[in-house]
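Participant: To start, I am sharing the structure in question, which I have written as structure tokens.
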Amino acid sequence: MPEVQLVLRSTRVVTPEGVRAAAVFVAGGEIEAVLPYEAEVPVGARLVDVGGDVVMPGLVDTHVHVNDPGRTEWEGFWTATRAAAAGGVTTLLDMPLNSLPPTTTVGNLRVKQGVARSKAHVDVGFWGGALPGNVKDLRPLYEAGVFGFKCFLSPSGVEEFPELDQEQLARSMAEIAGLGGLLIVHAEDPHHLAEAPQRSGGRYADFLASRPRDAENAAIAHLIAQARRLGARVHVLHLSSADALPLIAAAKREGVGVSVESCPHFLTLTAEEVPDGATEFKCCPPIREAVNRDALWAGLADGTIDCVVSDHSPCTMDLKTGDFASAWGGISSLQLGLPAMWTEARRRGHSLEDVVRWMSAGPAALAGLSRKGAIEAGRDADFVVLAPEESFTVDPAGLQHRNQVTAYAGKTLHGVVRSTWLRGTRIVADGVIAEPTGRLLERNH
Ligand SMILES: [Zn+2]
């Protein structure tokens, strides 16, 4: 057995059994034991006592568009993983689209892994893509280590990643169910979108009307029906419409294999506050009204929503024109998800344990990352040390993202990341980021 190299100690450690004073013993990059605060420090081990700062498991962000290679002017593995580390995210899963090539064949996966390998400051894994006509590629991709497959039901925004029609969805879903895999879905119904009023220009109300709740509700209803019929496991990405929550809750009660995520922007921002022309707030589905946000929080509180992940989907400044119809849809928040969520959670009476469940344990369970997501023996020693009572004002210039476009500019947020640890090594200390030591993750490894 490797010797204990590190003892990380705090009066507030977030464990699966609650928040308590504890000493976390780390050996060989893994948590060996979580012992009482006073436990004797083994000879040769380094003691780091963070006092009253909170020690939490590193965040697991299963929804990140890194765009590398191919659209690296939007983002890249170097910048994305630095932003992740600075924001307390120690594991990220890359979405299969917006990079060129997309992750839709084993060859393309190898290209992406090759690019990521030397640049990963945190651990990185990959989702595969389900496209019209690539059913034969799904099994090889799964065996090559992707964590599941993403598809769209409406246009994705990039031509190399077309959506599935209903028949193609059924075929891909059946194949993935046969593998025991997970299908993750951008669920907006194309017919409802086509019927919605489409107006260009800078008015946010027009954009919101062009992506109605019904488009999400209808797509989710169809998805649940197909999952029930095929005995498949499906996951609803970036839920915005709270109207769909009762449907999802009922399907879960019935035993249908469905889970759902939402995102910090849907839970912390509102349509009412988006200035006209401010396309840094544009994403699809869109940020909706305050009353919808409150209903999403109720879905988090009652456990209908399984996890909260960033859907970090950046672009260059020039693509964020003042026209909501033509601007790129995507919100950058990889580095800010934790403080954004914590700020709103504490205001609503939630605890850091809740935040850990939504942003670390939940996403780890979704992706089957059994070594991540909790501070307990046998897991990787991935931590974020947080000063939850401290606040800061978001200055875009201080972000590690490749492009400093953010919907959170000027907001005052609670929760300052003091340090981030990956397998027992401190990778961020007071904003200074170490050289890359992240690993490429594959399913079941
Ligand atoms: Zn996305």
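The values are calculated or read from the model by the stated rules, or taken from the named source; none is laboratory data. As the structure is a prediction and not an experimental result, all values here were calculated from the model. Cβ atoms come from the backbone with ideal geometry, glycine included; neighbour counts cover every protein chain shown. What goes into the accessible areas is simple: the full protein's heavy atoms, side chains included, and nothing from ligands, DNA or RNA. Shrake-Rupley method; radii C 1.70, N 1.55, O 1.52, S 1.80 Å.
Participant: Would it be correct to say that Asp206 is surrounded by fewer than 21 Cβ atoms within 10 Å (Cβ to Cβ) and under 28 Å from Phe149 (Cα atoms)?
Facilitator: Criteria not met by Asp206.
Participant: Within region 227-286, can you find the residues that are over 26 Å from Ala177 (Cα atoms), part of a helix (DSSP H, G or I) and of a type in the set (A, V, I, L, M, F, W, C)?
Facilitator: Result: Ala242, Phe266, Leu267, Ala271, Phe281.
Participant: Related question: With the structure loaded, tell me whether Leu230 is within 21 Å of Lys411 (Cβ to Cβ), out of contact with any Cys (no Cβ under 7 Å at 6 or more places or on another chain) and in contact (Cβ under 8 Å) with a residue 12 or more places away in the chain or whether it fails that test.
Facilitator: Judged against the criteria, Leu230 is not a match.
Participant: Return the residues of region 351-385 that are open to solvent by 20 Å² or more (accessible area, probe 1.4 Å) and of a type in the set (Ser, Thr, Tyr); say none if nothing qualifies.
Facilitator: Ser351, Ser370
Participant: Quick check on this structure: which one of Arg82, Arg12 is of a type in the set (Lys, Arg), part of a strand (DSSP E or B), closer than 21 Å to Lys372 by Cβ and open to solvent by 10 Å² or more (accessible area, probe 1.4 Å)?
Facilitator: Matching residue, one of Arg82, Arg12: Arg12.
Participant: Quick one: Ala22 ticks every box in (1) surrounded by 21 or more Cβ atoms within 10 Å (Cβ to Cβ); (2) in a helix (DSSP H, G or I); (3) away from the ligand (no atom under 16 Å from the Cβ) bar one, so which box is it?
Facilitator: Tallying (1) surrounded by 21 or more Cβ atoms within 10 Å (Cβ to Cβ); (2) in a helix (DSSP H, G or I); (3) away from the ligand (no atom under 16 Å from the Cβ), Ala22 fails exactly one: (2).
Participant: Does Leu97 satisfy the condition of being open to solvent by less than 10 Å² (accessible area, probe 1.4 Å), within 16 Å of the ligand (Cβ to nearest atom), under 21 Å from Gly157 (Cβ atoms) and in a loop (DSSP other than H, G, I, E, B)?
Facilitator: Judged against the criteria, Leu97 is a match.
Participant: Also, quick follow-up: Can you name the number of the only condition in (1) modelled with pLDDT of 95 or more; (2) among the polar types (S, T, N, Q); (3) within 28 Å of Ser200 (Cβ to Cβ); (4) in contact with a strand residue (DSSP E or B) (Cβ under 7 Å, 6 or more places away or on another chain) that Ser360 fails?
Facilitator: In the conditions (1) modelled with pLDDT of 95 or more; (2) among the polar types (S, T, N, Q); (3) within 28 Å of Ser200 (Cβ to Cβ); (4) in contact with a strand residue (DSSP E or B) (Cβ under 7 Å, 6 or more places away or on another chain), Ser360 misses (3) alone.
Participant: Any residue at all in region 65-75 that's farther than 21 Å from Asp380 by Cα, open to solvent by less than 10 Å² (accessible area, probe 1.4 Å) and more than 16 Å from the chain's Cα centre (by Cα)?
Facilitator: Checked region 65-75: at least one residue is farther than 21 Å from Asp380 by Cα, open to solvent by less than 10 Å² (accessible area, probe 1.4 Å) and more than 16 Å from the chain's Cα centre (by Cα).
Participant: Would you tally the residues in region 295-347 being within 16 Å of the ligand (Cβ to nearest atom), modelled with pLDDT under 95 and assigned to a helix (DSSP H, G or I)?
Facilitator: 1
Participant: Where residues in region 51-73 are within 14 Å of the ligand (Cβ to nearest atom) and in a strand (DSSP E or B), which of them is nearest to His238 (Cα to Cα)?
Facilitator: Only one residue tops the list, namely His63.
Participant: Looking only at region 246-266, filter to residues that are buried (at least 22 other Cβ atoms within 10 Å of the Cβ) and in contact (Cβ under 8 Å) with a residue 40 or more places away in the chain; which one of those is farthest from Pro314 (Cα to Cα)?
Facilitator: The selected residue is Ile248.
Participant: Name the residues in region 386-412 that are surrounded by fewer than 19 Cβ atoms within 10 Å (Cβ to Cβ) and outside any loop (DSSP other than H, G, I, E, B), would you?
Facilitator: If the condition is that a residue be surrounded by fewer than 19 Cβ atoms within 10 Å (Cβ to Cβ) and outside any loop (DSSP other than H, G, I, E, B), then Ala387, Glu389, Glu390, Ser391, Phe392, Thr393, Pro396, Ala397, Gly398, Thr412 are the ones that fit.
Participant: Let me ask something additional. Out of all the residues in region 254-263, is one or more more than 16 Å from the ligand (Cβ to nearest atom) and touching a Ser or Thr at 6+ places or on another chain (Cβ under 8 Å)?
Facilitator: No, region 254-263 contains no residue that is more than 16 Å from the ligand (Cβ to nearest atom) and touching a Ser or Thr at 6+ places or on another chain (Cβ under 8 Å).
Participant: Identify all residues within region 307-321 that are surrounded by 24 or more Cβ atoms within 10 Å (Cβ to Cβ) and either more than 28 Å from Val60 (Cα to Cα) or among the hydroxyl-bearing types (Ser, Thr, Tyr) (or both); write none if there are none.
Facilitator: The answer is Ser310, Ser313.
Quick grid of which residues meet (1) surrounded by 15 or more Cβ atoms within 10 Å (Cβ to Cβ); (2) touching a Cys at 6+ places or on another chain (Cβ under 6 Å); (3) within 27 Å of Pro69 (Cα to Cα); (4) not aliphatic (A, V, I, L, M):
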residue: Trp127; (1), (2), (3), (4): yes, no, yes, yes
residue: Pro162; (1), (2), (3), (4): yes, no, yes, yes
residue: Glu167; (1), (2), (3), (4): no, no, no, yes
residue: Leu183; (1), (2), (3), (4): yes, no, yes, no
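Participant: Of everything in region 281-324, what is of a type in the set (Gly, Ala, Ser) and out of contact with any helix residue (DSSP H, G or I) (no Cβ under 7 Å at 6 or more places or on another chain)? Give them in sequence order.
Facilitator: Within region 281-324, Ala298, Ala301, Gly303, Ser313 qualify.
Participant: While we're here: Cβ-Cβ distance below 6 Å, separation of 6 or more or different chains: which pairs start in region 18-46 with a residue that is over 12 Å from Leu8 (Cα atoms) and end on one that is at pLDDT below 95?
Facilitator: Every condition considered, the pairs that remain are Gly28/Pro2.
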